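The values are calculated or read from the model by the stated rules, or taken from the named source; none is laboratory data. Keep in mind it's a predicted model, so treat the numbers as computed, not measured. Please note: Cβ atoms are built from the backbone with ideal geometry, for glycine as well, and neighbour counts cover all protein chains shown.
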């Protein structure tokens, strides 16, 4: 995944430069949403590790024996060296930055109602379920106060897929201001063949959602507004023929539309 410094850029320079446009601080204050779709997304570390484990399993089958830890580590190391900084054409990756006219607490309250995503962004989330602690226990997962799980059916670029995501919520301090960070990833493999919440048509869905009180140009904090950042990284199943026939321009257009809808949804809910 790319490293994004958009929040730092707007604070330091009062401008934000994407690959296509320049946004001023005033543009964002007036409601603009700065979006960037990466044309050459890299393999995510988790994806490289997944491929390495598949290679270990394949070699185990071919040689019909258990591999030593040293042999496994060598395969994983080779994959890390080969795929690091390598472009993955099956990935949709993008980032969006905007200002929400509401405090951080309200934004987080809306975001963490994971069952409402289908109401917030109905053209992207065809279904969304906030998995209960009891359902997690039934699957051998210990509920934690800072971790939530969501099953969803999503449609992006004419491709539909289902999966369960694990959301981890943390707080951070920057310049004396407390922000919230939500990082998500695909849930444990035990969900892949879950009879109620199966994974179909997608290999990776990683991302970050950051929200912090808006620091104005003069350095003062406006507690009534929040600066938000979305970073989305999705890899659909390479066997999905629909993705193969879509043109690159169409994929970028659809990705831009999807990320705009996701990032703008919470802003609309607060108005």
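Take region 7-27 and flag every residue that is surrounded by 12 or more Cβ atoms within 10 Å (Cβ to Cβ) and under 22 Å from the mean Cα position of the chain (by Cα).
Once the filter is applied, which keeps residues that are surrounded by 12 or more Cβ atoms within 10 Å (Cβ to Cβ) and under 22 Å from the mean Cα position of the chain (by Cα), region 7-27 yields 7, 9, 10, 16, 17, 18.
Name the residue, out of 144, 203, 136, that is out of contact with any helix residue (DSSP H, G or I) (no Cβ under 8 Å at 6 or more places or on another chain) and surrounded by 15 or more Cβ atoms within 10 Å (Cβ to Cβ).
136
Consider region 146-160. How many of its residues are over 15 Å from the mean Cα position of the chain (by Cα) and modelled with pLDDT under 95?
The total comes to 4.
What are the residues in region 208-231 that are crowded, with 22+ Cβ neighbours inside 10 Å and under 22 Å from residue 148 (Cα atoms), if any?
Those that are crowded, with 22+ Cβ neighbours inside 10 Å and under 22 Å from residue 148 (Cα atoms): 209, 211, 212, 228, 230, 231.
Just wondering, is there one or more residues in region 140-153 that are touching a residue at least 60 places away in the same chain (Cβ under 8 Å), over 25 Å from residue 213 (Cα atoms) and in the same structural domain as residue 259 (by TED's automatic domain parsing)? Lay out the reasoning, then the answer.
Kept after step one, since they are touching a residue at least 60 places away in the same chain (Cβ under 8 Å), are these residues of region 140-153: none.
The answer is no, given that none of the residues of region 140-153 is touching a residue at least 60 places away in the same chain (Cβ under 8 Å), over 25 Å from residue 213 (Cα atoms) and in the same structural domain as residue 259 (by TED's automatic domain parsing).
Considering 139, 199, 166, which residue is over 26 Å from residue 255 (Cβ atoms) and at pLDDT 85 or above?
Values: 199 fails: over 26 Å from residue 255 (Cβ atoms); 166 fails: over 26 Å from residue 255 (Cβ atoms).
After ruling out the rest, the residue left standing is 139.
Which one of the conditions (1) under 23 Å from residue 189 (Cα atoms); (2) in contact with a helix residue (DSSP H, G or I) (Cβ under 9 Å, 6 or more places away or on another chain) does residue 15 fail to meet, given that it meets all the rest?
(1)
Count, please, the residues in region 54-79 that happen to be surrounded by fewer than 14 Cβ atoms within 10 Å (Cβ to Cβ), within 30 Å of residue 232 (Cβ to Cβ) and in contact with a helix residue (DSSP H, G or I) (Cβ under 9 Å, 6 or more places away or on another chain).
Counting residues in region 54-79 that are surrounded by fewer than 14 Cβ atoms within 10 Å (Cβ to Cβ), within 30 Å of residue 232 (Cβ to Cβ) and in contact with a helix residue (DSSP H, G or I) (Cβ under 9 Å, 6 or more places away or on another chain) gives 2.
Read through the list (1) closer than 21 Å to residue 260 by Cβ; (2) touching a strand residue (DSSP E or B) at 6+ places or on another chain (Cβ under 6 Å); (3) part of a helix (DSSP H, G or I), then give the number of the only condition that residue 116 fails.
(2)
Per-residue answers, yes or no, for (1) touching a helix residue (DSSP H, G or I) at 6+ places or on another chain (Cβ under 8 Å); (2) touching a residue at least 12 places away in the same chain (Cβ under 8 Å); (3) within 17 Å of residue 50 (Cα to Cα); (4) surrounded by 14 or more Cβ atoms within 10 Å (Cβ to Cβ):
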residue	(1), (2), (3), (4)
160	no, yes, no, yes
163	yes, yes, yes, yes
182	yes, yes, no, yes
191	no, yes, yes, yes
